[in-house]
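K.L.:
Pasting a structure here, questions to come.
The values are calculated or read from the model by the stated rules, or taken from the named source; none is laboratory data. Fair warning: this is a prediction, and the values are worked out from it, not measured in the lab. Positions of Cβ are backbone-derived with ideal geometry, glycine not excepted, and every protein chain shown enters the neighbour counts.
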Amino acid sequence: LFLRKAFTITRISSSNFTSFEHLDVSVSHGKFKIRLVLIYRPPPSKKNKLTIPMFLEEFSKLAESLMEDCTHPLLVVGNFNFHLDHPK
């Protein structure tokens, strides 16, 4: 996450998940304020033993907590590593 000095960033403490990494921050500039959640989901492999159902369950828990706690506009972005051209 790269931002200009004009923005104020506050990290929001949240849960740890095993199937993805995330950064949850509040970004503000003057009267503007938004909650930004950046997500990286590593591709599932035999080595890391991550599965799509595991990700969907944990992402659902994150989404629920975001809906309960969010009082400002919310933006969720990231790399979910779903390859739609390779059905599995």
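K.L.:
Six or more apart or on different chains, Cβ atoms under 7 Å: show the pairs whose first residue is in region 24-38 and under 12 Å from ALA6 (Cα atoms) and whose second is small (Gly, Ala, Ser).
P.N.:
Close Cβ pairs (under 7 Å, with a partner that is small (Gly, Ala, Ser)) amount to HIS29/ALA6.
K.L.:
Right, next: Could you please tell me which pairs satisfy a Cβ distance under 6 Å, a separation of 6+ or placement on different chains, a first residue in region 72-88 that is closer than 30 Å to ILE12 by Cβ, and a second residue that is at pLDDT below 75?
P.N.:
No pair meets every condition.
K.L.:
Any chance you could count how many residues in region 1-27 are surrounded by fewer than 14 Cβ atoms within 10 Å (Cβ to Cβ) and of a type in the set (Ser, Thr, Tyr)?
P.N.:
5
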